[in-house]
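Everything on this sheet refers to the single structure shown next.
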Amino acid sequence: MRAGFVWASQRESLERLSQRLPLTRSLVRRFVAGQDLPSTLIALERLRVAGLATTVDVLGESVSTEAAATAAADRYLRVLDALAEHGLDGNVSVKLTQMGLDIDAGFCRRNVARIVEQAATTGAFVRIDMEDHTRTDATLDIARDLHAQHGDVGVVIQSYLRRSAEDVEALIAERIRVRLCKGAYNEPASVAFATKAQSDESYLRLMERLLMAGEYPGLATHDERIIGAARELVAREGIGNERFEFQMLYGVRRDLQEALAAAGHTMRVYVPFGAEWYPYFMRRLAERPANVLFVLKTLARDRG
Ligand code: FDA
């Protein structure tokens, strides 16, 4: 089922259909903070008051024209302005295919550099999200390049990729901040572990390396077993809460988000907003069968 939802996330015809269904909109609201910036600022303020840190994602990916990529970077510049103006967390997450990676890597890099340069003026941090394995090398190259020039840039490593142990060691040596996640795309067995158990074991190993030697790692997971293991490790090794953070997605395990913040951890919520929610939403359905049941129940109720 997971693979089917990830496949559907890449189908434009399904995207057009779903955007015409009023029903999907109410379901999407669970995972997407707002359709526009003003409503998202209200959601961000609520999270701030609840003691949660945030990173903002302007939804969109796989753009095919320079004009669309430039417009997407411009939207990030407006977000950074608004975050600074409202005294909100200066932290954004950016996908390179939204910035024109599939058009030209140099163009994409220049586009992201505009965001990074503006972020530097207000002390904001830019995280470069990781997409499917065909983009891993290009994403790491651009992240390294921008980090070398501007500092406050980090990247994401996916524990399901076989290469990630090597990438983590290199990023530790380069003092680049890593967000560790399991990975959300359909990947072939040649590059990714075939079972969830293997990806989870890989996560635990990489997490330990990052906590022991990495630069302020972000542990992005809702997996209570892994979170428990992280907490045990930091307690045992005397690693202070200021040396790492937990991260979760907007609308997922709010109870756990609040519990970790209350326990004194930095808990950062990934807050997506905008009209281009379809691929993001489908990946969230793919992650948990219960989300699909929730969609089906709502459909049945609305038809009844
Ligand atoms: P797992 O999938 O094993 O889930 C553990 C438990 O968490 C489930 O049993 C359920 O209780 C809960 N849960 C997980 N997902 C849920 C959902 N969608 N709805 C409801 N409950 C859910 N991926 C990527 O490829 N590139 C990236 O850049 C990022 N960035 C990113 C940032 C942040 C802050 C997070 C939290 C995640 C990402 N991801 C990502 C997504 C990530 O790779 C992964 O797909 C999801 O986090 C789900 O994996 P878990 O680690 O939560 O474990």
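Tabulated data
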quantity: Criterion (surrounded by 13 or more Cβ atoms within 10 Å (Cβ to Cβ), small (G, A, S), at pLDDT 95 or above and more than 19 Å from F273 (Cα to Cα)) met by exactly one of G100, G106; calculated: G100
quantity: Tally, over region 128-154, of residues that are more than 9 Å from the ligand (Cβ to nearest atom), β-branched (V, I, T), free of Cβ contacts under 8 Å to residues at least 40 places away in the same chain and surrounded by 15 or more Cβ atoms within 10 Å (Cβ to Cβ); calculated: 2
quantity: Residue check, A84 away from the ligand (no atom under 16 Å from the Cβ), under 20 Å from the mean Cα position of the chain (by Cα) and assigned to a helix (DSSP H, G or I); calculated: no
quantity: Some residue of region 155-174 being near the ligand (Cβ under 10 Å from one of its atoms) and at pLDDT below 95; calculated: no
quantity: Single match in L206, L146 (criterion: modelled with pLDDT of 95 or more, under 23 Å from E287 (Cβ atoms) and hydrophobic (A, V, I, L, M, F, W, C)); calculated: L206
quantity: Counted residues, region 87-107 - those being away from the ligand (no atom under 16 Å from the Cβ), assigned to a helix (DSSP H, G or I) and without any contact (Cβ under 8 Å) to a residue 40 or more places away in the chain; calculated: 2
quantity: Pair list, Cβ < 8 Å and 6+ apart or interchain, from region 167-186 residues that are within 9 Å of P217 (Cβ to Cβ) and β-branched (V, I, T) to residues that are within 16 Å of the ligand (Cβ to nearest atom) and part of a loop (DSSP other than H, G, I, E, B); calculated: V178/P217
quantity: Subset tally (residues that are of a type outside the set (S, T, N, Q) and assigned to a loop (DSSP other than H, G, I, E, B)) for region 127-171; calculated: 9
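Matching residues to (1) assigned to a loop (DSSP other than H, G, I, E, B); (2) within 12 Å of the ligand (Cβ to nearest atom):
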| site | (1), (2) |
| --- | --- |
| G183 | yes, yes |
| S190 | yes, no |
| Q198 | no, no |
| E208 | no, no |
| M212 | no, no |
| E215 | yes, no |
| R231 | no, no |
| E242 | no, no |
| F246 | no, yes |
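The values are calculated or read from the model by the stated rules, or taken from the named source; none is laboratory data. Note that the structure is predicted; figures quoted are calculated from it, not measured. Glycine also receives a Cβ, built like all others from the backbone with ideal geometry; neighbour counts cover every protein chain displayed.
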